Amino acid sequence: MGQCYAPPMSLLAKAASGQRLSPDEAVALYDLPLFDLAAAADAVRRLRTDPEVVTYLIDRNINYSNVCSVGCSFCGFYRTRRQDDAYTLTFEQISDKIRELEAVGGSRILMQGGVNPYLEFQWYLDLMQHIKTHHPTIRVEAFSPEEIKGMAKITGMTSLEVLKELQAAGLDGLPGGGGEMLVDEVRHARHISPARISSDDWIRIMGEAQSLDLYTTATMVIGFGETPAQRVQSMLRVRDQQDVALERYGNGFSAFISWTLQTDGVRIEAKVPGAGAHEYLQNVAVSRILLDNVPNFQASWPTMGYKVAQTALSFGCNDFGSTMLEENVVSQAGAKHQTTPETEIVRQIVEAGYKPAQRDSLYGIVKEPERVLAEYEAALQAARDASAADAANPVRVGASPSPAGASAD
């Protein structure tokens with residue numbers, strides 16, 4: 001009796017099933033029709049997250065200093081110490097920004113700056129302690145691996161020792177800044193950033209943070225002129241580290257966030273091809289399929305705009321990012337948006353066909369969709385009532401206001 005063999009599964013079917021792909025299979029995904037790829041990524045997203053819910057976070061970006069010694073050609077934010085608009089915020093200025101976040105119910109600050117060789121390590125420790133003393137309910141996720149490496153250099157400590165001291169002072173996690181493209185052939189090209197932290201060091205420092213149970217995310221930027229194979233290589237660095245972190249520590253990257261290179265008005269402009277919405281959505285879908293051990297994928301409304309970010313929710317993303325309240329880095333290289341109110345994020349999620357849920361930085365739900373939608377409808381009704389009141393009582397040009405306390409009759 002002859003043996004029966006099942007026909008080999010097509011790449012698209014394998015991708016949609018959530019099975020682990022090889023590097024060659026991942027590269028081949030870039031040759032698939034875009035919406036076939038989207039369907040596979042959406043199928044994987046539905047396997048791993050609530051298919052009806054899209055989450056968001058109320059937080060604030062704080063850029064504590066723009067002084068930096070690295071000098072990436074794609075950065076419009078950094079300054080040398082001698083430039084007139086170089087700055088380092090005071091602790092009180094940082095507290096003022098945090099109070100604005102607290103006033104709107106925010107729960108996290110994402111704090112990064114340049115690699116500033118003129119700040120002593122004690123300054124960072126004092127800052128952590130100041131924030132935890134005056135703002136105990138706010139999570140502090142701060143300092144990219146590049147900044148941690150810079151602190152290690154000025155102190156003579158190891159990066160692990162630096163992380164331990166920062167954690168003891170109040171640090172809760174590391175943002176994924178500086179990941180960009182984890183392929184040194186790309187990131188260290190002369191026209192990009194020869195002095196940038198290496199891919200190995202970025203991964204190593206993130207691994208050290210994970211060993212301490214610090215929160216981490218991974219990021220990716222496309223548009224440097226890299227090939228699909230190099231994009232896959234960069235993602236595989238994340239997947240491999242996630243395998244190690246989950247096995248050793250039970251704690252890895254909480255999310256993956258990607259966007260396109262922003263080049264307006266910076267030195268790299270016209271030296272690289274950049275990437276548009278098609279490539280962004282394609283890469284989002286590939287990342288959702290390939291990074292089978294990362295649970296959450298965030299759409300990038302600040303760089304891509306609301307409509308592309310909405311579309312990304314059908315390409316594998318389950319999170320719409322955060323309100324941010326302030327953003328000073330990618331916006332200085334041409335990003336479309338710097339901040340957005342909570343109601344706008346909720347509107348974008350609803351109009352895309354999903355239920356919005358407010359989360360914390362660990363992706364725990366702090367406000368269920370029913371409550372979010374009720375508050376959203378109340379805000380819309382209040383706006384309609386205010387508009388109707390304004391229409392019923394127009395202010396005539398040249399009319400004098402009633403004296404204080406006088407009747408309006």
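For this structure, a couple of remarks:
- Inter-label distance, GLU120 to THR80: 2.6 nm, where each label sits 7 Å from its Cα along the C-beta direction.
- Taking label points 7 Å from Cα along the Cα-to-Cβ direction, GLU92 and PHE35 give a separation of 5.9 nm.
- Here is the list for region 118-190: chymotrypsin sites (Phe, Trp or Tyr not before Pro) lying in DSSP coil, each with at most 15 other C-beta atoms within 10 angstrom of its C-beta, are TYR118.
- Computed over region 20-340, relative contact order equals 24 percent, with contacts defined as Cα pairs under 8 Å that lie 6+ residues apart.
- Computed helical MRE - 222 nm, the chain, DSSP H runs ≥ 4 contributing -39500 (n - 2.57), nearest 500: -13000 deg cm²/dmol
- In this structure, HIS188 and ALA168 have a Cβ-Cβ separation that, at R0 = 35 Å, corresponds to a calculated FRET efficiency of about 0.55.
- Chain lengthening between THR158 and ARG371 when straightened (0.36 nm per residue, less Cα-Cα): 72.1 nm
- Proxy reagent accessibility, fewest Cβ within 10 Å first, across VAL244, VAL183, VAL162: VAL244, VAL183, VAL162
- Look at where the Cα atoms of region 246-263 and of region 339-366 average out, and the two centres are 20 Å apart.
- Percent of Cα-Cα distances greater than 27 Å, calculated over region 20-340: 41 percent
- What the phi angles of region 306-315 give under the Karplus curve with 6.51, -1.76 and 1.60, with θ = phi - 60°, is a coupling list of 5, 5, 5, 5, 4, 5, 4, 5, 9, 10 Hz, glycine and proline written as x.
- Neighbour counts of other Cβ atoms within 10 Å put ARG108, ARG231, ARG82 in the fewest-to-most order ARG82, ARG108, ARG231.
- Dipole in debye (nearest 20) - the chain, about Cα centre, beta carbon charges: Lys, Arg +1; Asp, Glu -1: 480 debye
- Note on ALA103 and ALA13: the model spin-label points, each 7 Å out from Cα along the C-beta direction, lie 5.9 nm apart.
- Distant-in-sequence amide H partners of ILE62 (H built 1.01 Å from N, under 5 Å): LEU110, MET111, GLN112
Throughout, read-outs are computed from the coordinates displayed, never taken from laboratory work. Keep in mind it's a predicted model, so treat the numbers as computed, not measured. Ideal geometry is used to build each Cβ from the backbone, glycine not excepted, and the neighbour counts take in all protein chains shown.
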